[in-house]
Amino acid sequence: MIFFTLIITLINKSQAQVDDSQLKSVLIERFSRFMEWPENMIDSVFVIEVLDNKEMYEIIKKTYANRKINNLPVQVTLLSSQKEYDHPMCHVLYVGNCYRENSTSIIEIYQQSGALVLGHEDRCLENGVTLAFISDGKKVVFGYDELALKRNKVSISYKLLQLAKNQ
Amino acid sequence: MNLNFYNISIRNKLIIVIQLVTITALLVSFLSYFIFTSERDKQNLINRMEITAKLVGEYAVSPLVFGDAEGGTEIITRLKSMPEIEEAYILDDDKDIFASYVNDSSSHEYHPFNPNNSRVEDLSIWDDAYFHILQKITYKGDDYGSIYLVVSLRPFKERLINDLRVLFINMLLIIGISWVLSVIIQQYISKPIKKLVKTTNEIVQEGNYDIRVKNQGTDEIGQLYASYNKMLERIKLEKEQQQKYSKALEVSERNYRTIFENSIVGIFNIDIKSGKLLQANERFYEILKLDPSRLEQYTIDQFLSKKERVIFLKTIEREGQIENFEINHKGDIWISFSGKRIKGQNSIDGVIQDITDRKKNYLELKKVNFELDNFVYHASHDLRSPLRSILGLTNLLKHDKPSENGIELIQRIENSILRLDNLVTDLLTFSKNSRTKRDIEEIDFKALMEESLEGVPYEYKGDIEVSVEINDKNIFKGDKTRISVIINNLLVNAHKYQSSKRDKKHIHIKIKTNKKDMQFIISDNGEGISEENQERIFDMFYRASESSDGSGLGLYIVKNVVDTLGGRIYLTSTVDKGTTFEVIIPNNQSI
């Protein structure tokens, strides 16, 4: 598997000493600018679903409480039961725990439904997420999995991918 | 040195023309090509830079979104592969420099962007040394910043100069080739023309029209050669013809000159208006005793008096010519002038003859004739007296009772004397006709005829029936004495030559007058006159009839008198049938 990582200098990180989770939460909006979701995706609200990471859920919910993504109000949901992800209908699935049982199948279901599957850490790439944050000291980087990219029905702009570096 | 184009040889003209056309065509085409290529290159550069700016802008979106200045620098540094881009800048949406690239060769003359100018839009600026292009970086309708490129025009200009250099070298090469080709090609046109000029010069110098130019083709020059040769042929023929004419003219002129110079009559040419003598031969000067060297000074006044000149010129003006105009020149020379006005010219060509000797002879003859007439008249007149005396004496002898033989002799003497008296009377009449002037008076033809009929001798009258028809309503004026001589002679002849075989003898007389003339016709049924005698009937002393006892002068006198009066006489006669005389005498009514 070839991994490409995108190195992002955290905006104003040094000045504001912002937490990595908060930064990751903000970057969801930045990623969304380079995404093209399938046409059958709901267009009245931007849905972010968080899998197995309540802390991250709280942070994301707080981040987008008064902010919009793609001019849509943001709805954040924490997934906890099997039945909740049988018929996914969201824009972003934030995978907060890559070691959860049957996470791979859940990821594939969401990728097939057209949601961007974003991993909380680099190990998630091994479980099949499309994009994943990678902690690298002062920098926050992210990488993508080429196979997952092909599998995922969301369309990601080359503009985003061209920043990735081969690790 | 005259640099007139017309003085340049045809060879050089053709070379110059070809070169001018070539250079003009090259200049126009090369200039067009240069302008076109420079504009095309400029547009290509603009397009290329706009695309480059757009591409860089595309790639710069994500670094700008994520604030990845390193990524932006990395992207913009890739422009290093385009050396003409001296400086490149990625500006964020606050117009701050996000990433930049400056070429090593950049002079750093240009500030990349004025941050205070917040109204910067997409722009392209072309100055002397640089091309500036500024493009906004947008993605999905949002502005993320700008890309600003400073492009050096040095490579562009170097390329243009290189193009110009290549074009100039090409132009020199083409002109050189064109020069060589024009020198070679012009020969095909100039050589035939030079050949024609050379041939023409030879013909002019040698006057030989047998020379021909050799035709080599059927193009315009070939056609010109053919026409030139035809022209030479025609000139040759015309020259030969002209030589013939010249020779004939020369002969004619020589003949004329010979006639003119050796003529026994004087030949002259006079201007009508000025009367100046224009030309004359030697004989002319000789006759008039003039000096040929003073030709220009002579006018018609030198040989005609004022009166003669008026007559001479008026006759010429009226009739176009004058014949035998006789003048007496300087008292002792008689000259006859004849001349004719030349059609279309105001001059008279004429001849003069010295008629002094002829004139003298004529005057002498006239004098002798007059003396002869005088002698005949006086001789005839003087002869009649003794004849009349003899006749008187013979009459006396008849009364002395001569023997029968004596009476016969006396009668013969008397007849001879009467014939002699008739002859003398006729001679007197003839002489009188020549000597006396015409005496014009109004004539009463009835009275005249009565007198004439009474005058017919008794022995001729016999049993002849005479009828007279006179129509003289128009007054006729003429010489009564001479007309009565005509009528009397013809009337006596009509009586005298009656045929003895004829039972009824008659004479018919008809007289008719009009304004123009008088017609007198006398017809008889006498013995007539044979054709051979008719021709000589008016000759002097000619007798047509054997029975005639006349003098042979009667009809001669009649013809003479008719001529004197300006009339005409006609004769028609048949032997044994009769004779008719018709006399026409002009009416002198106006006198």
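The values are calculated or read from the model by the stated rules, or taken from the named source; none is laboratory data. None of the values given here were measured: they were computed from a predicted structure. Heads up, the Cβs are rebuilt from the backbone with ideal geometry, glycines too, and the neighbour counts pull from every protein chain shown. Side chains are part of the model used for accessible areas, which takes the heavy atoms of the whole protein and leaves out ligands, DNA and RNA. Shrake-Rupley method; radii C 1.70, N 1.55, O 1.52, S 1.80 Å.
Brief remarks follow.
Table: residues versus (1) of a type outside the set (D, E, K, R); (2) touching a Ser or Thr at 6+ places or on another chain (Cβ under 9 Å); (3) surrounded by 12 or more Cβ atoms within 10 Å (Cβ to Cβ).
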{"position": "B:169", "(1), (2), (3)": "yes, no, no"}
{"position": "B:210", "(1), (2), (3)": "no, no, no"}
{"position": "B:218", "(1), (2), (3)": "yes, no, no"}
{"position": "B:235", "(1), (2), (3)": "yes, no, yes"}
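- Residue check for residue B:481: under 19 Å from residue B:554 (Cβ atoms) and assigned by TED's automatic domain parsing to the domain that holds residue B:552: yes
- Of the residues making up region B:272-298, those that are within 13 Å of residue B:347 (Cβ to Cβ), of a type outside the set (A, V, I, L, M, F, W, C) and surrounded by 15 or more Cβ atoms within 10 Å (Cβ to Cβ) number 2.
- Residues of region B:29-47 classified as surrounded by 14 or more Cβ atoms within 10 Å (Cβ to Cβ) and of a type in the set (Lys, Arg), total: 1
- Meets criteria (at pLDDT 80 or above and within 30 Å of residue B:54 (Cβ to Cβ)) for residue A:166: no
- Counted as qualifying within region B:413-509 are the helices (runs of 4 or more DSSP H) with 3 or more residues that are crowded, with 19+ Cβ neighbours inside 10 Å, namely B:445-454, B:480-496.
- Close pairs from region B:301-328: first at pLDDT below 90, partner open to solvent by 50 Å² or more (accessible area, probe 1.4 Å), Cβ under 6 Å, at least 6 apart: B:316/B:341; B:320/B:341; B:328/B:334
- Only residues that are within 30 Å of residue B:36 (Cα to Cα), without any contact (Cβ under 8 Å) to a residue 24 or more places away in the chain and either open to solvent by less than 50 Å² (accessible area, probe 1.4 Å) or in a loop (DSSP other than H, G, I, E, B) (or both) were counted in region B:171-208, giving 1.
- Residues of region B:510-524 satisfying the condition of being buried (at least 20 other Cβ atoms within 10 Å of the Cβ) and either farther than 18 Å from residue B:567 by Cα or among the acidic types (Asp, Glu) (or both): B:517, B:524
- Residue within region B:24-32 that is farther than 22 Å from residue B:179 by Cα and not β-branched (Val, Ile, Thr) present: yes
- Among the residues listed as B:531, B:527, the single one being within 60 Å of the chain's Cα centre (by Cα), over 30 Å from residue B:589 (Cα atoms) and modelled with pLDDT under 90: B:531
- The condition (being more than 60 Å from the chain's Cα centre (by Cα) and either more than 14 Å from chain A (Cβ to nearest Cβ) or not β-branched (Val, Ile, Thr) (or both)) is satisfied by just one residue among B:51, B:15: B:51.
- Single residue of B:99, B:60, B:53 found to be crowded, with 18+ Cβ neighbours inside 10 Å, in the same structural domain as residue B:151 (by TED's automatic domain parsing) and assigned to a strand (DSSP E or B): B:99
- Restricting attention to region A:126-162 and to residues that are within 14 Å of chain B (Cβ to nearest Cβ), outside any strand (DSSP E or B) and open to solvent by less than 10 Å² (accessible area, probe 1.4 Å), the residue that is nearest to residue A:24 (Cα to Cα) turns out to be A:160.
- Restricting region B:61-80 to residues that are touching a residue at least 60 places away in the same chain (Cβ under 8 Å) and within 9 Å of chain A (Cβ to nearest Cβ), the residue that is farthest from the chain's Cα centre (by Cα) is B:65.
- Per-region count, region B:517-562, residues part of a helix (DSSP H, G or I) and in contact with a helix residue (DSSP H, G or I) (Cβ under 9 Å, 6 or more places away or on another chain): 8
- Among the residues making up region A:87-125, those that are more than 16 Å from residue A:50 (Cβ to Cβ) and in a loop (DSSP other than H, G, I, E, B) are A:87, A:101, A:102, A:114.
- For first residues located in region B:124-149 and within 12 Å of another protein chain (Cβ to nearest Cβ), partners that are in a strand (DSSP E or B) and of a type in the set (Val, Ile, Thr) and lie 6+ apart or on another chain with Cβ distances below 7 Å form the pairs B:137/B:147; B:144/B:137; B:144/B:138.
- Given (1) open to solvent by 70 Å² or more (accessible area, probe 1.4 Å); (2) over 60 Å from the mean Cα position of the chain (by Cα), index of the condition residue B:554 fails: (1)
- Residue B:527 being open to solvent by 40 Å² or more (accessible area, probe 1.4 Å) and within 19 Å of residue B:492 (Cβ to Cβ): yes
- Any hit, region A:116-126, residues being without any contact (Cβ under 8 Å) to a residue 60 or more places away in the chain and aliphatic (A, V, I, L, M): yes
- Counting only helices (runs of 4 or more DSSP H) that sit wholly inside region A:1-63, those with at least 1 residues that are under 27 Å from residue A:102 (Cβ atoms), away from chain B (no Cβ under 14 Å) and modelled with pLDDT of 50 or more are A:20-32, A:54-63.
- Residue within region B:263-271 that is farther than 24 Å from residue B:363 by Cα and surrounded by fewer than 12 Cβ atoms within 10 Å (Cβ to Cβ) present: no
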